[in-house]
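One structure below.
The values are calculated or read from the model by the stated rules, or taken from the named source; none is laboratory data. All values derive from a computational prediction rather than experimental measurement. When we count neighbours, we look across all protein chains shown, and the Cβ atoms used for this are built from the backbone with ideal geometry, even at glycine. Note: areas computed on protein heavy atoms with side chains; ligands, DNA, RNA excluded. Shrake-Rupley method; radii C 1.70, N 1.55, O 1.52, S 1.80 Å.
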Amino acid sequence: MDRYVLVDRDGVINHDSDDYIKSPEEWQPIEGSLEAIALLNRHGYKVAVITNQSGLQRGLFDQAALDKIHAKMHRLAAEKGGEIDSIYFCPHGPDDGCACRKPKPGLLELFAVDKQVSLQGMPFIGDALRDIQTAQAVGASPILVKTGKGKKTLMDNPDLNIPVFDNLYDAAKYLVSRQ
């Protein structure tokens, strides 16, 4: 049976921006994040990216631009020996009332159906409270990284009782050490 690690994109794999990541040029990996994906792969994990992309609904970029951003992410991960199995994204804005925008669990539920896996205990690595809430809503195991919004998330929620790491690479090392 396939084992997965779920990973948020902006602020976890790549540097985030308050102005949104709108082009492949703006998509810059966080140091060690692509190596982290390769490390997880080498230890038998598949990596699925779970990301809100409301910039689509806001008209900041189109599907073609998002596809190019994701093609760059796939290519750079492959250069480090890693593979991203799949990407699930919510294109909606915060007021659209969809079921897929984190912290709602729709993207994770869709992923579970597609891959025919249980989300129970599946690691979900994110940098925002909504990532943690999404994981908890479906019984997955949230992990917080301090990159992106992570430090602020920790400051605003000091009582989080979940594993916290400096970055995706440290979180990946933790996961493979527990096998």
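For region 150-179, residues that are of a type in the set (F, W, Y) and without any contact (Cβ under 8 Å) to a residue 60 or more places away in the chain total 2. Residue pairs whose Cβ atoms lie under 8 Å apart, sitting 6 or more positions apart in sequence or on different chains, and linking a residue in region 14-39 that is under 17 Å from A65 (Cα atoms) to a partner that is among the charged types (D, E, K, R) and surrounded by fewer than 20 Cβ atoms within 10 Å (Cβ to Cβ), are S17/E26; Y20/R58; S23/K68; P24/K68; P24/K72; W27/K72.
Within region 91-104, the set of residues being in contact with a helix residue (DSSP H, G or I) (Cβ under 6 Å, 6 or more places away or on another chain) and open to solvent by less than 30 Å² (accessible area, probe 1.4 Å) comprises C100, K102. Taking the stated definitions as given, is S118 closer than 18 Å to M1 by Cβ and either open to solvent by less than 20 Å² (accessible area, probe 1.4 Å) or free of Cβ contacts under 8 Å to residues at least 60 places away in the same chain (or both)? Spelling it out, S118 is indeed closer than 18 Å to M1 by Cβ and either open to solvent by less than 20 Å² (accessible area, probe 1.4 Å) or free of Cβ contacts under 8 Å to residues at least 60 places away in the same chain (or both). If I filter region 164-179 down to residues being touching a Pro at 6+ places or on another chain (Cβ under 9 Å) and more than 15 Å from V12 (Cα to Cα), which single residue comes out as surrounded by the most Cβ atoms within 10 Å (Cβ to Cβ)? Only one residue fits best here, namely L175.
Taking the options Q179, Q133, name whichever one is within 24 Å of S33 (Cα to Cα), at pLDDT below 95 and not hydrophobic (A, V, I, L, M, F, W, C). Exactly one of Q179, Q133 is within 24 Å of S33 (Cα to Cα), at pLDDT below 95 and not hydrophobic (A, V, I, L, M, F, W, C), namely Q179.
Entry remark, region 123-134: residues being open to solvent by less than 40 Å² (accessible area, probe 1.4 Å) and either farther than 14 Å from V49 by Cβ or of a type outside the set (A, V, I, L, M) (or both) number 8 in total. Examine region 25-48 for a residue that is farther than 16 Å from Y169 by Cβ and within 11 Å of the chain's Cα centre (by Cα), and state whether such a residue exists. Scanning region 25-48 turns up at least one residue that is farther than 16 Å from Y169 by Cβ and within 11 Å of the chain's Cα centre (by Cα). For region 117-128, the criterion of a residue being over 19 Å from I37 (Cβ atoms) and acidic (D, E) is satisfied by no position.
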